[in-house]
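Report on one structure; see the data block that follows.
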There are 2 protein chains.
Amino acid sequence: MGEYRIIEVKRSVFEDNNRDADRLRAQLKGDGTFLVNLMSSPGAGKTTTLKRTITALRDEVRIGVMEADIDGEVDAQAVTQAGAKAVQIHTGGMCHLDADMTRQGLHALGSAEYDLVVLENVGNLVCPAEFDTGAWRNVMLLSVPEGDDKPLKYPLMFKNCQAVLVNKIDALGVFDDFDCGRVKERILSRNPDCEIFFVSAKTGEGFESWLGWLRREIHRFKSGGMEAPRHYDA
Amino acid sequence: MGEYRIIEVKRSVFEDNNRDADRLRAQLKGDGTFLVNLMSSPGAGKTTTLKRTITALRDEVRIGVMEADIDGEVDAQAVTQAGAKAVQIHTGGMCHLDADMTRQGLHALGSAEYDLVVLENVGNLVCPAEFDTGAWRNVMLLSVPEGDDKPLKYPLMFKNCQAVLVNKIDALGVFDDFDCGRVKERILSRNPDCEIFFVSAKTGEGFESWLGWLRREIHRFKSGGMEAPRHYDA
(Lines give C-alpha, C1' and ligand atoms only; values in the text may rest on other atoms or scores of the structure.)
Protein backbone atom coordinates (compact mmCIF):
# COMPACT_ATOMS: atom_id res chain seq x y z
CA MET A 1 0.00 0.00 0.00
CA GLY A 2 1.16 3.52 -0.75
CA GLU A 3 3.47 2.47 -3.56
CA TYR A 4 3.20 3.10 -7.25
CA ARG A 5 5.41 3.05 -10.32
CA ILE A 6 5.48 5.33 -13.33
CA ILE A 7 5.81 3.63 -16.69
CA GLU A 8 6.07 5.04 -20.21
CA VAL A 9 4.03 3.07 -22.74
CA LYS A 10 4.47 3.07 -26.48
CA ARG A 11 1.98 2.68 -29.25
CA SER A 12 1.87 -0.79 -30.79
CA VAL A 13 3.68 -1.30 -34.07
CA PHE A 14 0.81 -3.60 -35.02
CA GLU A 15 -2.18 -1.73 -36.32
CA ASP A 16 -4.93 -4.24 -35.57
CA ASN A 17 -6.14 -2.87 -32.27
CA ASN A 18 -9.40 -4.84 -32.27
CA ARG A 19 -7.48 -8.11 -32.52
CA ASP A 20 -5.12 -7.01 -29.74
CA ALA A 21 -8.13 -6.10 -27.59
CA ASP A 22 -9.82 -9.50 -28.06
CA ARG A 23 -6.56 -11.27 -27.23
CA LEU A 24 -6.12 -9.21 -24.07
CA ARG A 25 -9.70 -9.92 -22.99
CA ALA A 26 -9.10 -13.66 -23.40
CA GLN A 27 -5.94 -13.40 -21.30
CA LEU A 28 -7.80 -11.50 -18.57
CA LYS A 29 -10.51 -14.15 -18.56
CA GLY A 30 -7.86 -16.83 -18.03
CA ASP A 31 -6.34 -14.82 -15.18
CA GLY A 32 -9.72 -14.09 -13.58
CA THR A 33 -8.99 -10.35 -13.70
CA PHE A 34 -12.01 -8.15 -14.42
CA LEU A 35 -10.78 -5.04 -16.25
CA VAL A 36 -12.93 -1.88 -16.22
CA ASN A 37 -12.05 1.03 -18.51
CA LEU A 38 -13.13 4.29 -16.83
CA MET A 39 -13.48 7.30 -19.12
CA SER A 40 -14.62 10.92 -18.83
CA SER A 41 -13.81 14.55 -19.60
CA PRO A 42 -10.95 16.09 -17.65
CA GLY A 43 -12.07 16.83 -14.11
CA ALA A 44 -15.35 14.90 -14.14
CA GLY A 45 -14.32 13.07 -10.98
CA LYS A 46 -12.75 9.76 -12.09
CA THR A 47 -10.16 9.70 -9.32
CA THR A 48 -12.56 10.70 -6.54
CA THR A 49 -15.05 8.06 -7.75
CA LEU A 50 -12.29 5.49 -7.83
CA LYS A 51 -11.09 6.34 -4.33
CA ARG A 52 -14.58 5.93 -2.88
CA THR A 53 -15.08 2.68 -4.83
CA ILE A 54 -11.77 1.28 -3.59
CA THR A 55 -12.58 2.17 0.01
CA ALA A 56 -15.94 0.37 -0.27
CA LEU A 57 -14.64 -2.78 -1.95
CA ARG A 58 -11.08 -3.26 -0.78
CA ASP A 59 -11.99 -5.84 1.87
CA GLU A 60 -14.00 -7.93 -0.64
CA VAL A 61 -11.84 -7.92 -3.77
CA ARG A 62 -8.18 -7.37 -4.63
CA ILE A 63 -8.04 -4.11 -6.58
CA GLY A 64 -5.36 -2.73 -8.88
CA VAL A 65 -5.45 0.60 -10.70
CA MET A 66 -3.78 1.94 -13.84
CA GLU A 67 -3.73 5.73 -14.03
CA ALA A 68 -3.18 7.01 -17.57
CA ASP A 69 -2.13 10.61 -18.11
CA ILE A 70 -0.14 12.65 -20.55
CA ASP A 71 1.93 13.82 -17.62
CA GLY A 72 1.87 14.04 -13.82
CA GLU A 73 1.34 11.48 -11.08
CA VAL A 74 -1.18 13.07 -8.75
CA ASP A 75 -3.83 10.39 -9.45
CA ALA A 76 -1.58 7.42 -8.68
CA GLN A 77 -0.65 9.09 -5.40
CA ALA A 78 -4.33 9.57 -4.56
CA VAL A 79 -5.49 6.01 -5.24
CA THR A 80 -2.61 4.39 -3.43
CA GLN A 81 -3.56 6.46 -0.40
CA ALA A 82 -7.06 4.94 -0.72
CA GLY A 83 -5.51 1.48 -0.45
CA ALA A 84 -5.11 0.10 -3.99
CA LYS A 85 -1.96 -0.90 -5.82
CA ALA A 86 -1.41 1.43 -8.75
CA VAL A 87 0.76 2.17 -11.75
CA GLN A 88 0.93 5.58 -13.37
CA ILE A 89 1.00 5.22 -17.14
CA HIS A 90 2.47 8.06 -19.17
CA THR A 91 1.16 7.99 -22.71
CA GLY A 92 3.89 10.03 -24.40
CA GLY A 93 1.42 12.70 -25.49
CA MET A 94 -1.16 10.20 -26.76
CA CYS A 95 -4.78 11.16 -26.15
CA HIS A 96 -6.01 7.63 -25.43
CA LEU A 97 -4.83 4.11 -24.61
CA ASP A 98 -5.01 1.27 -27.11
CA ALA A 99 -5.09 -2.41 -26.20
CA ASP A 100 -1.34 -2.89 -26.42
CA MET A 101 -0.61 0.09 -24.17
CA THR A 102 -3.17 -1.35 -21.73
CA ARG A 103 -1.38 -4.72 -21.89
CA GLN A 104 1.93 -3.01 -21.02
CA GLY A 105 0.27 -1.33 -18.03
CA LEU A 106 -1.24 -4.63 -16.82
CA HIS A 107 2.12 -6.31 -17.13
CA ALA A 108 3.75 -3.60 -14.98
CA LEU A 109 0.94 -3.92 -12.42
CA GLY A 110 1.14 -7.74 -12.35
CA SER A 111 -2.55 -8.01 -13.10
CA ALA A 112 -3.04 -11.72 -12.38
CA GLU A 113 -2.87 -10.86 -8.66
CA TYR A 114 -6.11 -8.83 -8.82
CA ASP A 115 -9.83 -9.58 -9.07
CA LEU A 116 -10.58 -6.09 -10.34
CA VAL A 117 -8.34 -3.73 -12.27
CA VAL A 118 -9.58 -0.26 -13.16
CA LEU A 119 -7.95 1.62 -16.01
CA GLU A 120 -8.43 5.36 -15.52
CA ASN A 121 -8.16 6.46 -19.14
CA VAL A 122 -6.93 9.89 -20.34
CA GLY A 123 -9.53 12.62 -19.66
CA ASN A 124 -11.10 12.93 -23.11
CA LEU A 125 -14.55 12.14 -24.54
CA VAL A 126 -13.40 11.64 -28.12
CA CYS A 127 -10.39 9.42 -28.74
CA PRO A 128 -10.74 6.90 -25.88
CA ALA A 129 -14.19 6.00 -27.25
CA GLU A 130 -12.63 4.90 -30.53
CA PHE A 131 -10.09 2.45 -29.15
CA ASP A 132 -11.08 -0.87 -27.58
CA THR A 133 -8.64 -1.30 -24.67
CA GLY A 134 -9.49 -4.96 -24.09
CA ALA A 135 -11.55 -4.12 -20.99
CA TRP A 136 -14.53 -6.30 -20.10
CA ARG A 137 -16.63 -3.28 -19.20
CA ASN A 138 -16.46 0.37 -20.29
CA VAL A 139 -17.80 2.91 -17.83
CA MET A 140 -17.98 6.64 -18.24
CA LEU A 141 -18.50 9.54 -15.88
CA LEU A 142 -20.47 12.57 -16.96
CA SER A 143 -20.42 15.37 -14.39
CA VAL A 144 -23.35 17.71 -13.85
CA PRO A 145 -21.34 20.93 -14.55
CA GLU A 146 -20.55 19.66 -18.07
CA GLY A 147 -24.21 19.93 -19.06
CA ASP A 148 -26.93 17.53 -20.16
CA ASP A 149 -26.20 17.98 -23.88
CA LYS A 150 -23.07 15.81 -23.92
CA PRO A 151 -24.78 12.64 -25.28
CA LEU A 152 -25.70 14.72 -28.36
CA LYS A 153 -22.11 15.84 -28.93
CA TYR A 154 -20.10 12.72 -28.09
CA PRO A 155 -22.33 9.90 -29.33
CA LEU A 156 -19.64 7.23 -29.72
CA MET A 157 -18.55 7.52 -26.09
CA PHE A 158 -22.10 6.92 -24.90
CA LYS A 159 -22.61 4.01 -27.35
CA ASN A 160 -19.46 2.20 -26.25
CA CYS A 161 -20.18 2.26 -22.50
CA GLN A 162 -22.08 -0.33 -20.52
CA ALA A 163 -22.64 2.09 -17.63
CA VAL A 164 -22.71 5.87 -17.16
CA LEU A 165 -22.26 7.53 -13.79
CA VAL A 166 -23.76 11.02 -13.69
CA ASN A 167 -21.47 12.55 -11.07
CA LYS A 168 -21.48 15.72 -8.91
CA ILE A 169 -25.24 15.60 -8.27
CA ASP A 170 -24.45 17.54 -5.08
CA ALA A 171 -23.91 20.54 -7.40
CA LEU A 172 -27.38 20.35 -9.01
CA GLY A 173 -28.43 23.38 -6.98
CA VAL A 174 -25.84 25.58 -8.71
CA PHE A 175 -26.20 23.98 -12.15
CA ASP A 176 -29.97 24.14 -12.18
CA ASP A 177 -30.28 23.94 -15.97
CA PHE A 178 -29.06 20.32 -15.85
CA ASP A 179 -32.13 18.10 -16.33
CA CYS A 180 -31.64 14.55 -14.99
CA GLY A 181 -34.63 13.17 -16.89
CA ARG A 182 -33.43 14.72 -20.13
CA VAL A 183 -29.87 13.42 -19.81
CA LYS A 184 -31.17 9.92 -19.11
CA GLU A 185 -33.39 10.07 -22.18
CA ARG A 186 -30.50 11.30 -24.35
CA ILE A 187 -28.14 8.57 -23.11
CA LEU A 188 -30.73 5.84 -23.67
CA SER A 189 -31.49 7.12 -27.17
CA ARG A 190 -27.81 6.50 -28.00
CA ASN A 191 -27.56 3.28 -26.04
CA PRO A 192 -30.80 1.65 -24.83
CA ASP A 193 -29.01 -1.01 -22.71
CA CYS A 194 -26.89 1.48 -20.76
CA GLU A 195 -27.01 1.38 -16.95
CA ILE A 196 -27.25 4.91 -15.52
CA PHE A 197 -26.38 5.90 -11.96
CA PHE A 198 -26.77 9.37 -10.44
CA VAL A 199 -24.02 9.82 -7.86
CA SER A 200 -21.88 12.21 -5.89
CA ALA A 201 -18.37 10.87 -5.42
CA LYS A 202 -17.86 13.70 -2.93
CA THR A 203 -20.76 12.86 -0.59
CA GLY A 204 -21.33 9.19 -1.49
CA GLU A 205 -24.94 9.75 -2.55
CA GLY A 206 -26.13 7.12 -5.04
CA PHE A 207 -23.04 4.96 -4.56
CA GLU A 208 -24.85 1.87 -3.31
CA SER A 209 -26.52 1.30 -6.71
CA TRP A 210 -23.23 1.72 -8.55
CA LEU A 211 -21.37 -0.57 -6.15
CA GLY A 212 -24.17 -3.15 -6.39
CA TRP A 213 -23.88 -3.19 -10.18
CA LEU A 214 -20.07 -3.47 -10.01
CA ARG A 215 -20.28 -6.37 -7.52
CA ARG A 216 -22.76 -8.22 -9.74
CA GLU A 217 -20.57 -7.67 -12.83
CA ILE A 218 -17.46 -8.94 -11.04
CA HIS A 219 -19.43 -12.02 -9.95
CA ARG A 220 -20.79 -12.59 -13.45
CA PHE A 221 -17.29 -12.28 -14.92
CA LYS A 222 -15.76 -14.65 -12.38
CA SER A 223 -18.50 -17.25 -12.94
CA GLY A 224 -17.92 -17.21 -16.70
CA GLY A 225 -21.32 -15.78 -17.60
CA MET A 226 -20.18 -12.50 -19.15
CA GLU A 227 -20.11 -11.66 -22.84
CA ALA A 228 -17.49 -9.34 -24.33
CA PRO A 229 -18.80 -5.80 -24.90
CA ARG A 230 -19.66 -4.87 -28.46
CA HIS A 231 -17.32 -2.20 -29.82
CA TYR A 232 -18.63 0.39 -32.25
CA ASP A 233 -16.12 2.11 -34.52
CA ALA A 234 -16.20 5.84 -35.33
CA MET B 1 -28.95 36.79 -37.80
CA GLY B 2 -30.39 33.43 -36.77
CA GLU B 3 -28.89 31.54 -39.70
CA TYR B 4 -26.19 28.93 -39.77
CA ARG B 5 -24.91 26.23 -42.07
CA ILE B 6 -23.55 22.78 -41.28
CA ILE B 7 -20.43 21.78 -43.18
CA GLU B 8 -18.43 18.57 -43.16
CA VAL B 9 -14.69 19.18 -43.25
CA LYS B 10 -12.02 16.72 -44.29
CA ARG B 11 -8.49 16.31 -43.11
CA SER B 12 -5.88 17.77 -45.43
CA VAL B 13 -4.05 15.41 -47.76
CA PHE B 14 -0.98 17.54 -47.11
CA GLU B 15 0.76 16.65 -43.91
CA ASP B 16 2.57 19.89 -43.17
CA ASN B 17 0.09 21.45 -40.79
CA ASN B 18 2.50 24.10 -39.47
CA ARG B 19 3.05 25.42 -43.00
CA ASP B 20 -0.72 25.43 -43.64
CA ALA B 21 -1.24 27.32 -40.38
CA ASP B 22 1.31 30.02 -41.23
CA ARG B 23 -0.22 30.45 -44.67
CA LEU B 24 -3.71 30.80 -43.18
CA ARG B 25 -2.48 33.38 -40.66
CA ALA B 26 -0.97 35.44 -43.47
CA GLN B 27 -4.26 35.28 -45.37
CA LEU B 28 -6.20 36.39 -42.29
CA LYS B 29 -3.81 39.30 -41.81
CA GLY B 30 -4.47 40.39 -45.38
CA ASP B 31 -8.22 40.14 -44.82
CA GLY B 32 -8.06 41.96 -41.47
CA THR B 33 -9.82 39.05 -39.77
CA PHE B 34 -8.65 38.30 -36.23
CA LEU B 35 -9.08 34.56 -35.60
CA VAL B 36 -9.28 33.28 -32.02
CA ASN B 37 -9.13 29.53 -31.33
CA LEU B 38 -11.18 28.76 -28.21
CA MET B 39 -10.45 25.44 -26.53
CA SER B 40 -11.54 23.60 -23.37
CA SER B 41 -12.80 20.32 -21.93
CA PRO B 42 -16.34 19.31 -22.84
CA GLY B 43 -18.80 21.41 -20.87
CA ALA B 44 -16.37 24.02 -19.51
CA GLY B 45 -18.59 26.80 -20.86
CA LYS B 46 -17.19 27.76 -24.28
CA THR B 47 -20.59 28.45 -25.82
CA THR B 48 -21.93 30.44 -22.85
CA THR B 49 -18.71 32.50 -22.77
CA LEU B 50 -19.00 33.09 -26.48
CA LYS B 51 -22.63 34.18 -26.24
CA ARG B 52 -21.85 36.75 -23.55
CA THR B 53 -18.79 37.97 -25.49
CA ILE B 54 -20.85 38.37 -28.68
CA THR B 55 -23.57 40.28 -26.85
CA ALA B 56 -20.97 42.69 -25.41
CA LEU B 57 -19.05 43.30 -28.65
CA ARG B 58 -21.55 42.92 -31.47
CA ASP B 59 -22.11 46.67 -31.85
CA GLU B 60 -18.35 47.36 -32.03
CA VAL B 61 -17.02 44.58 -34.27
CA ARG B 62 -18.40 42.24 -36.91
CA ILE B 63 -18.27 38.74 -35.39
CA GLY B 64 -18.37 35.32 -37.03
CA VAL B 65 -18.26 31.96 -35.25
CA MET B 66 -17.20 28.46 -36.30
CA GLU B 67 -18.59 25.74 -34.05
CA ALA B 68 -16.64 22.49 -34.34
CA ASP B 69 -18.19 19.29 -33.06
CA ILE B 70 -18.11 15.59 -33.79
CA ASP B 71 -21.87 15.77 -34.14
CA GLY B 72 -24.85 17.95 -33.23
CA GLU B 73 -25.64 21.59 -33.90
CA VAL B 74 -26.84 22.95 -30.55
CA ASP B 75 -23.91 25.41 -30.30
CA ALA B 76 -24.43 27.01 -33.70
CA GLN B 77 -28.09 27.51 -32.81
CA ALA B 78 -27.10 29.16 -29.52
CA VAL B 79 -24.58 31.63 -30.91
CA THR B 80 -26.76 32.70 -33.83
CA GLN B 81 -29.45 33.51 -31.26
CA ALA B 82 -26.86 35.76 -29.55
CA GLY B 83 -26.44 37.67 -32.80
CA ALA B 84 -23.38 36.27 -34.61
CA LYS B 85 -23.15 34.58 -37.98
CA ALA B 86 -22.08 30.98 -37.51
CA VAL B 87 -21.16 27.79 -39.28
CA GLN B 88 -21.36 24.40 -37.61
CA ILE B 89 -18.34 22.31 -38.57
CA HIS B 90 -18.64 18.54 -38.35
CA THR B 91 -15.22 16.94 -38.04
CA GLY B 92 -16.09 13.44 -39.23
CA GLY B 93 -15.10 11.92 -35.88
CA MET B 94 -11.83 13.88 -35.64
CA CYS B 95 -10.91 15.03 -32.16
CA HIS B 96 -9.45 18.39 -33.23
CA LEU B 97 -9.25 20.83 -36.13
CA ASP B 98 -6.11 21.31 -38.18
CA ALA B 99 -5.30 24.43 -40.21
CA ASP B 100 -6.81 23.13 -43.43
CA MET B 101 -10.09 22.18 -41.75
CA THR B 102 -10.13 25.67 -40.24
CA ARG B 103 -9.55 27.16 -43.70
CA GLN B 104 -12.54 25.21 -45.04
CA GLY B 105 -14.68 26.55 -42.20
CA LEU B 106 -13.55 30.14 -42.81
CA HIS B 107 -14.33 29.77 -46.48
CA ALA B 108 -17.87 28.58 -45.68
CA LEU B 109 -18.31 31.48 -43.26
CA GLY B 110 -16.96 34.06 -45.72
CA SER B 111 -14.44 35.26 -43.17
CA ALA B 112 -13.27 38.44 -44.94
CA GLU B 113 -16.55 40.05 -43.88
CA TYR B 114 -15.63 39.84 -40.18
CA ASP B 115 -13.29 41.69 -37.81
CA LEU B 116 -13.31 38.82 -35.32
CA VAL B 117 -13.89 35.13 -35.96
CA VAL B 118 -13.96 32.69 -33.06
CA LEU B 119 -13.32 29.02 -33.67
CA GLU B 120 -14.95 26.95 -30.94
CA ASN B 121 -12.74 23.87 -31.13
CA VAL B 122 -13.80 20.31 -30.20
CA GLY B 123 -14.11 19.89 -26.42
CA ASN B 124 -10.81 18.20 -25.66
CA LEU B 125 -7.67 19.23 -23.73
CA VAL B 126 -5.29 16.93 -25.58
CA CYS B 127 -5.43 16.87 -29.37
CA PRO B 128 -6.46 20.49 -30.11
CA ALA B 129 -3.33 21.64 -28.24
CA GLU B 130 -1.13 19.76 -30.73
CA PHE B 131 -2.47 21.29 -33.93
CA ASP B 132 -1.88 24.90 -34.90
CA THR B 133 -5.16 26.01 -36.50
CA GLY B 134 -3.72 29.21 -37.98
CA ALA B 135 -5.42 31.35 -35.32
CA TRP B 136 -3.74 34.58 -34.20
CA ARG B 137 -4.60 33.88 -30.57
CA ASN B 138 -5.29 30.66 -28.66
CA VAL B 139 -7.54 30.95 -25.63
CA MET B 140 -8.62 28.21 -23.27
CA LEU B 141 -11.33 27.87 -20.68
CA LEU B 142 -10.71 25.93 -17.51
CA SER B 143 -13.84 25.56 -15.39
CA VAL B 144 -13.71 25.46 -11.60
CA PRO B 145 -15.46 22.04 -11.29
CA GLU B 146 -12.64 20.43 -13.32
CA GLY B 147 -10.17 21.11 -10.52
CA ASP B 148 -7.02 23.17 -10.09
CA ASP B 149 -4.69 20.28 -11.06
CA LYS B 150 -5.35 20.49 -14.81
CA PRO B 151 -2.20 22.52 -15.69
CA LEU B 152 -0.20 19.59 -14.26
CA LYS B 153 -1.99 17.04 -16.44
CA TYR B 154 -2.39 18.87 -19.75
CA PRO B 155 0.80 20.95 -19.98
CA LEU B 156 0.82 21.45 -23.77
CA MET B 157 -2.63 23.05 -23.76
CA PHE B 158 -1.54 25.60 -21.17
CA LYS B 159 1.75 26.27 -22.99
CA ASN B 160 0.05 26.96 -26.33
CA CYS B 161 -2.50 29.47 -25.05
CA GLN B 162 -2.04 33.22 -24.79
CA ALA B 163 -4.96 33.56 -22.37
CA VAL B 164 -6.78 31.28 -19.93
CA LEU B 165 -10.26 32.03 -18.64
CA VAL B 166 -10.97 30.30 -15.34
CA ASN B 167 -14.74 29.94 -15.68
CA LYS B 168 -17.66 29.09 -13.35
CA ILE B 169 -16.23 31.05 -10.43
CA ASP B 170 -19.86 31.38 -9.26
CA ALA B 171 -19.52 27.69 -8.26
CA LEU B 172 -16.47 28.21 -6.00
CA GLY B 173 -18.73 27.80 -2.96
CA VAL B 174 -19.56 24.22 -3.94
CA PHE B 175 -16.10 23.34 -5.26
CA ASP B 176 -14.27 24.72 -2.26
CA ASP B 177 -11.11 22.67 -2.83
CA PHE B 178 -10.37 24.74 -5.96
CA ASP B 179 -7.59 27.18 -5.05
CA CYS B 180 -7.46 30.24 -7.36
CA GLY B 181 -3.95 31.20 -6.23
CA ARG B 182 -2.66 27.69 -6.80
CA VAL B 183 -4.17 27.35 -10.28
CA LYS B 184 -2.67 30.71 -11.30
CA GLU B 185 0.74 29.59 -10.06
CA ARG B 186 0.47 26.29 -11.92
CA ILE B 187 -0.58 27.96 -15.19
CA LEU B 188 2.24 30.52 -14.96
CA SER B 189 4.80 27.80 -14.23
CA ARG B 190 3.85 26.26 -17.60
CA ASN B 191 3.51 29.56 -19.40
CA PRO B 192 4.84 32.71 -17.68
CA ASP B 193 3.37 35.09 -20.30
CA CYS B 194 -0.18 33.76 -20.05
CA GLU B 195 -3.00 36.20 -19.32
CA ILE B 196 -5.39 34.75 -16.73
CA PHE B 197 -8.96 35.91 -16.13
CA PHE B 198 -11.32 34.61 -13.43
CA VAL B 199 -14.84 34.79 -14.81
CA SER B 200 -18.40 33.50 -14.63
CA ALA B 201 -19.97 33.32 -18.07
CA LYS B 202 -23.25 32.70 -16.28
CA THR B 203 -23.28 35.86 -14.13
CA GLY B 204 -20.85 38.04 -16.09
CA GLU B 205 -18.46 38.46 -13.16
CA GLY B 206 -14.91 39.21 -14.31
CA PHE B 207 -15.94 39.74 -17.93
CA GLU B 208 -14.77 43.34 -18.20
CA SER B 209 -11.10 42.32 -17.87
CA TRP B 210 -11.49 39.59 -20.48
CA LEU B 211 -13.36 41.89 -22.88
CA GLY B 212 -10.75 44.61 -22.34
CA TRP B 213 -7.96 42.22 -23.29
CA LEU B 214 -9.88 41.00 -26.35
CA ARG B 215 -10.56 44.59 -27.51
CA ARG B 216 -6.86 45.47 -27.13
CA GLU B 217 -5.80 42.36 -29.05
CA ILE B 218 -8.21 43.09 -31.90
CA HIS B 219 -6.85 46.63 -32.07
CA ARG B 220 -3.25 45.43 -32.00
CA PHE B 221 -3.97 42.93 -34.78
CA LYS B 222 -5.75 45.52 -36.94
CA SER B 223 -2.93 48.02 -36.51
CA GLY B 224 -0.35 45.44 -37.64
CA GLY B 225 1.49 45.27 -34.31
CA MET B 226 0.80 41.63 -33.45
CA GLU B 227 3.27 38.78 -33.65
CA ALA B 228 2.19 35.25 -34.53
CA PRO B 229 1.87 32.99 -31.47
CA ARG B 230 4.66 30.52 -30.87
CA HIS B 231 3.48 26.94 -31.31
CA TYR B 232 4.97 24.19 -29.15
CA ASP B 233 4.79 20.62 -30.45
CA ALA B 234 3.95 17.63 -28.28
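The values are calculated or read from the model by the stated rules, or taken from the named source; none is laboratory data. This one's a predicted model, so the numbers in the text were calculated from it and none came from an experiment. Reconstructed Cβ throughout: ideal geometry from the backbone, glycine too, with neighbour counts over all protein chains shown. These accessible areas exclude ligands, DNA and RNA; they are computed on the full protein's heavy atoms, side chains included. Shrake-Rupley method; radii C 1.70, N 1.55, O 1.52, S 1.80 Å.
Structure data summary
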{"item": "Integer Hz, Karplus 6.51/-1.76/1.60 couplings in order for the range B:62-68, x for Gly and Pro", "result": "7, 10, x, 10, 10, 9, 9"}
{"item": "Links that overshoot a 23 Å alpha carbon limit, given the list A:Lys46/B:Lys150; B:Lys51/B:Lys153; A:Lys51/B:Lys159", "result": "B:Lys51/B:Lys153; A:Lys51/B:Lys159"}
{"item": "Cys with no candidate disulfide partner in chain A (beta-carbon separation under 4.7 Å rule)", "result": "A:Cys161, A:Cys180, A:Cys194"}
{"item": "For chain B, average projected area of the Cα convex hull in nm²", "result": "11.5"}
{"item": "Carbon and sulfur %, accessible surface of chain B computed with the full protein complex present, 1.4 Å", "result": "47"}
{"item": "Shortest-first distances to equivalent copies, position A:Arg216, nm, label 7 Å out along Cβ", "result": "5.9"}
{"item": "Computed [θ] at 222 nm, helices only, for the protein assembly as shown once each DSSP H run of length n ≥ 4 contributes -39500 (n - 2.57)", "result": "-11000 deg cm²/dmol"}
{"item": "For A:Val74, label point 7 Å along C-beta direction: distances to other copies, nm", "result": "2.7"}
{"item": "Area hidden from solvent between A and B (accessible, protein heavy atoms only, 1.4 Å, total, Å²)", "result": "2500"}
{"item": "Calculated label separations, A:Arg19, copies of the chain, 7 Å along the beta-carbon direction, nm", "result": "3.5"}
{"item": "Separation in nanometres of the label points that stand 7 Å from Cα toward Cβ, at B:Val74 and A:His219", "result": "3.7"}
{"item": "Residue with peak Gaussian network fluctuation, chain A [Cα springs, cutoff 10 Å], from A:Met101, A:Met39, A:Met66", "result": "A:Met101"}
{"item": "Size of electric dipole in the protein assembly as shown: Cβ of Lys, Arg +1 and of Asp, Glu -1, about Cα centre, debye, nearest 20", "result": "0"}
{"item": "Heavy-atom accessible area per residue - chain B, 1.4 Å, Å²", "result": "39"}
{"item": "Choice from A:Lys85, A:Lys46, A:Lys150 showing the highest fluctuation, given a GNM over chain A with Cα pairs closer than 10 Å", "result": "A:Lys150"}
{"item": "FRET E, pair A:Asp16, B:Asn18, Förster distance 25 Å, beta-carbon r, rounded to 0.05", "result": "0.20"}
{"item": "Solvent accessible area, Å² - B:Cys127, 1.4 Å probe, full protein context", "result": "10"}
{"item": "Centroid-to-centroid separation of the range A:158-214 and the range B:121-187 [C-alpha atoms, Å]", "result": "25"}
{"item": "Unit Cα scatterers, Debye sum, the range A:76-184: log10 I(q)/I(0) for q = 0.15 Å⁻¹", "result": "-0.76"}
{"item": "In sequence order, calculated HN-Hα J values of the range B:139-150 (Karplus, 6.51, -1.76, 1.60; Hz; x Gly/Pro)", "result": "10, 10, 10, 10, 9, 3, x, 6, x, 8, 8, 4"}
{"item": "Tensor-based shape of the protein assembly as shown (alpha-carbon gyration tensor, a/c under 1.5 rounded, otherwise prolate or oblate)", "result": "prolate"}
